[in-house]
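For reference, the structure discussed in these notes is given below.
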């Protein structure tokens, strides 16, 4: 089967060709009928450093929280979530004879001058606004388009070097680290409880609208986050091997689905990205609930079915969060259309997931399953350190972030194979000769190489919990740091012929930099790196093996780029 794929600027596929692959390497066309926000209020993660006049021009006084931070510099518990907090750890004082001041760090001067004007407008004066505006900063450099922020970072390297500071015009201090070595050093200094920004709109919904005690493990920080992270790591290690057969079956159904939706020109429809979303959602739900939910069954996806509501809620919620988070946060002042959609889709998704939680609790009350048959959800509910609320928010976050990250990775992987037929031919020989996914070494390196070139989450962020020295610059705590893992993946300093799709590079060399395994680069840096690497590689391998065994993938259109809003979609 030939899949000629084209993604449009709005993240959709253009029609693609499909032809059956025969074992004698001949291809015949199988014709099918075409189927038809302004007083800002900040969260505990927004850390503000004690002000040093040469470093920070603002005259704000930080609000000290009367809570002990002996175990962790930050914690959600007993903290007013709408005020600044400070780190109470002792740090070395700034010594101008040893370090350069924060003000000496290079950066766009025009933006810095504008900060003084914008700083008096409270609606825009917080640091996560700076992060979001950098990702869509068309006005900084004319060549940058909405869908690709990497050229901006490349230009910054040329003009400012390895590190730069952006102060405003949307408030706060933002440091952009443009070398992987610096990001690795920072991850080694950030301690056991790294801090990052979250989606404030979704956090506000959970803490205020739903009155949750915690916003969820992916949006938490401090001791509570670390405790939940350790639990999730251990649970996934147990559950993932049990799901291989289920994911294989879902992948086979997806392959059959492709044959049903292609047209007479062997092209799949423009909604092919939605078909991949269905497969991804089926795999994630199978992991969480240990049951198939029917997302790949045409009959089960009627407009009123639960499967259709979950699919629509996940997709709609991602879009609603993007609209709330990117731009002026008017949702803090009034019920904007984006905020109303966020509430609607969040309610729908929570209601659907709550049904599974209730059924699992009732089932556990009647009889406890054998340990080797427990689902991910059941393992969370039987853990005395996990509340029902934490289990619920964990499921919601894994659906929200995991589904689209996985489906976008599939899209990029098929694209890279389609424009590299020699690589695809080599992979075809491997999947035909081997059934065990664990033994498909070339499959693994193809996945790594695709994720290196196109990462679903291309930019990470951190908040410094203590004063830190970066490139001999004294950077105060509370400063936001932007880490472009996508840029690191395509830099010539780290990868020879970095822009070329060459999976063999991972077979020959031990890809490490300063002790850091470059295999893990797409999954993040430091303590808050993605904990589902094993799961993602298993799911991608299962689907790709089924597709390549039966289909030949081709692409004859222009270069596929990625969006830069929240998740990088093809």
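The values are calculated or read from the model by the stated rules, or taken from the named source; none is laboratory data. Note that the coordinates shown come from a computational prediction; the quantities given were computed from them, not determined experimentally. So basically every Cβ, Gly included, is an ideal-geometry build from the backbone, and we count neighbours across all protein chains shown.
Quick look at the numbers
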| read-out | value |
| --- | --- |
| Selection within the stretch 397-422 - modelled with pLDDT of 95 or more and under 20 Å from residue 226 (Cβ atoms) | none |
| Search result, residues across the stretch 373-387 that are in contact with a helix residue (DSSP H, G or I) (Cβ under 7 Å, 6 or more places away or on another chain) and either under 18 Å from residue 290 (Cα atoms) or assigned to a helix (DSSP H, G or I) (or both) | 375, 376, 377, 378, 379, 380, 381, 382, 383 |
| Within the stretch 295-314, considering residues that are out of contact with any helix residue (DSSP H, G or I) (no Cβ under 7 Å at 6 or more places or on another chain) and either under 18 Å from residue 341 (Cα atoms) or outside any helix (DSSP H, G or I) (or both), the one modelled with the lowest pLDDT | 303 |
| Test: residue 292 is touching a strand residue (DSSP E or B) at 6+ places or on another chain (Cβ under 9 Å), modelled with pLDDT under 90 and not in a helix (DSSP H, G or I) | no |
| Selection from the stretch 367-390 of residues that are more than 26 Å from residue 307 (Cβ to Cβ) and modelled with pLDDT under 90 | 367, 368, 370, 371, 372 |
| Residue selected from the stretch 197-213 under the condition in a loop (DSSP other than H, G, I, E, B) and within 20 Å of the chain's Cα centre (by Cα), by the criterion modelled with the highest pLDDT | 199 |
| Top-ranked residue of the stretch 187-196 - restricted to ones that are outside any loop (DSSP other than H, G, I, E, B) and over 20 Å from the mean Cα position of the chain (by Cα), ranked as nearest to residue 492 (Cα to Cα) | 188 |
| Checklist (1) in contact with a strand residue (DSSP E or B) (Cβ under 7 Å, 6 or more places away or on another chain); (2) assigned to a loop (DSSP other than H, G, I, E, B); (3) modelled with pLDDT under 80 applied to residue 156, failing item | (2) |
| Any hit, the stretch 332-346, residues being touching a helix residue (DSSP H, G or I) at 6+ places or on another chain (Cβ under 6 Å) and outside any helix (DSSP H, G or I) | yes |
| Filter result for residue 332 (within 30 Å of residue 223 (Cβ to Cβ) and out of contact with any strand residue (DSSP E or B) (no Cβ under 7 Å at 6 or more places or on another chain)) | yes |
